[in-house]
Structure formats: structure tokens, C-alpha cells
Amino acid sequence: MSSQWNLNEHHKRICLFPIPRIPRLGPRARDAGVYISGALFALGWWFFIDAAIRSKNWNYDDGYKKTSVQFVDWVPGICSTLGMIVINCIDKAALRGDSFSFSSGGGTSVAWKARVFLFVGFAFMAGGLAGSVSILCIKYLISGYGEPFVSWGIYNVVQNAAIMTSAAILWVAQNTESEYQYNFAI
Amino acid sequence: MTADVDTFLYNSVIGLSFVLALGFLLVIMSCALYGNWWPLFVVATYVLAPLPNAIFGRCAGREDIMSDYQGGFADAGYFLTGLMIVTGFCLPVVLAHAHVITVPAMIMSISGGLLIYGTIISYSRFFAEDDSF
């Protein structure tokens, strides 16, 4: 229990409440996590592609107000994907570079740069999700379009949520990176 | 003892090839019965799905102990494989949703693709175990 909740005093923590650490997965669960992450990524993009295709060959003759999937709808997904690429390009070891902080060692600036990149990546992903929600509200809900059009906005939100979940699963899975290396190093 | 193992091997290989042929038959029927050949792309995705796994697994150097293991390559392979599998599922669904193919064609191509992919997976699993023994 103490390992999960960080209660030993060797580990300095900032927050008053003990924050649970990210769980360490076994190698099997790690591989499965990466598979699931890829699957979720593809699922999200296919949701959006489905909406785009249906909007492209929608028959507008039956009295609906006109709207379609335009470039604006593509932007949140592109932002999320860019953020996911940025996050996963970071070497995870560089993030833990300065466990002894406030020293002007060589590793500090690298860790600082890595954390800036991580922040930019997560900002891109959160911006993508927020942008998809705002497109759903502004473009589809407020304008009062009918049912099939609102579903395109909802698919957009689903896409970005799926990409964000995929990035989170990939992050958790890759945090247990050193297990296999450790086995072979011994 | 070895004869038993051999007959088991032969039977499983014959069964797997039978299942593979059945999968291809289902996909081709889903194209041919309705006269449009869009579902044939499903075969491409399922055939391509194990490929990044193999390539990146070799890049990661899991086989030889001397070279240092690089998990990033293997992860990229897993990621692309998962992406391909879901693409194989979603492509017929999206095609059917866009009224390009009919729903029975979608069902047939998905089940055919599953049979093909299952055959590839079990075949590679089988031979991997065969190598290690």
C-alpha cells in the first residue's frame, strides 16, 4: 500500500494529499496497452472520416438547413494528433533527468526542455478536445441544425476523446519501459 | 511421440489453410455477389497488419541479447498493428454507412477478414512456438 500511495518519506512530494502513482504494468499488459492505444487512435479517426464522408454525399433536398464538414472540423483532430506525436517523441528518461533539483548540472536543462515539450504536447491535445467541443456547440448546437448534422459534431468530440485516451494509455504503457531492459541488463 | 506431433502439425496446418481459404471466399463473395469490389481493401489491411510488428520487432532487436533492446521500435510496430486491425474493422462499416456497399456485404467482409487475420496470427504463433522448442 505504501508503494502505491507514496507514503514513504524517501519520496519527497509536493502535494499534501498523497497522489497515487501511475501503475506499473507487466510486459504483457504493456504490449496490450500499446495495441489498445493504436486501436483507439484508428477508431477515433474512422469516426471522423465517417462523418466527413456522410456530409460529403448527403442529400440536401429534404428541407434541412445546409451545413457540412469543412476544414474547421478537421482542425481539432489535427491538433490532437500533433500533440500525441509531440508527446510520444519525448524520451521518457529525459523527463526524470533532474531528480536532484536546483543543481546546475548538465542534465537539468535537458529535463527542462523535455518538460516544455511535454507541456506543449498536452496543450495541443487539450486544445483539440476543447476545440471539438466548442465546434459542436457553436457550429452545430447553437445554430439549431437537425439530428444528422449534430451527430457530425458529436463524432468530432468522440474522435478527439479517443485520441486523448489513446495517448494516455500509451503514456501509461510506456512508463514501464525499463522492465524488459532491466531483465536483459542482468 | 514424434509421429503424434507430426500428425498434429499437419492437421493444424491443413485446418488453418482451410480457414484461410474460407476467409478469402467470404471476402470475395461479399464483393462479387453485389458487383462492387470495394471490400477487397479489407484483405489488404488484414494482410498488412502483422507486417509492422515483424519489421519493427526485428529493428528492436529482441532476438539477439547482445544488442541493446530499444522498446520504441517495438511499440511503434504494436501501435501500427492495432491501427491496421481497427482499420480492417472500420473500413467496411464506414463503406456500408456511406451506402457504398450493403450491410450483408459488410458482415461478410468483416467475418472474412477476421478469419484471415486469425489464421495469420495463429500460424505465426504456432511457428514461433515451434522454433523455440
- With the condition kept exactly as written, say whether any residue in region A:150-167 is open to solvent by 60 Å² or more (accessible area, probe 1.4 Å) and at pLDDT below 90. no
- Note on the structure: Note: among A:Ile85, A:Ile36, A:Ile49, just one is at pLDDT 90 or above, open to solvent by 70 Å² or more (accessible area, probe 1.4 Å), assigned to a helix (DSSP H, G or I) and within 9 Å of chain B (Cβ to nearest Cβ), namely A:Ile36
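Which of the residues belonging to region A:120-147 are among the β-branched types (Val, Ile, Thr) and in a helix (DSSP H, G or I)? Steps first, answer last, please.
First, the residues of region A:120-147 that are among the β-branched types (Val, Ile, Thr): A:120, A:133, A:135, A:138, A:142.
Passing the criteria: A:Val120, A:Val133, A:Ile135, A:Ile138.
Applying the selection to region A:119-132, what residues are among the aliphatic types (A, V, I, L, M) and surrounded by 18 or more Cβ atoms within 10 Å (Cβ to Cβ)?
Going through region A:119-132, the residues among the aliphatic types (A, V, I, L, M) turn out to be A:120, A:123, A:125-126, A:129-130.
Within region A:119-132, A:Met125, A:Leu129 meet the criteria.
Suppose we filter region B:74-89 for residues that are under 16 Å from the mean Cα position of the chain (by Cα) and more than 13 Å from B:Leu114 (Cβ to Cβ); how many remain? Lay out the reasoning, then the answer.
Step one: list which residues in region B:74-89 are under 16 Å from the mean Cα position of the chain (by Cα), which gives B:77-89.
Next cut, more than 13 Å from B:Leu114 (Cβ to Cβ) only: B:77-84, B:87.
Qualifying residue count for the region: 9.
The values are calculated or read from the model by the stated rules, or taken from the named source; none is laboratory data. Owing to the predicted nature of the structure, the values given are computational and were not obtained by experimental measurement. Counting neighbours? That spans all protein chains shown, and the Cβs are built from the backbone with ideal geometry, glycine included. Quick note on the areas: whole protein, heavy atoms, side chains included, nothing else; ligands and nucleic acids left out. Shrake-Rupley method; radii C 1.70, N 1.55, O 1.52, S 1.80 Å.
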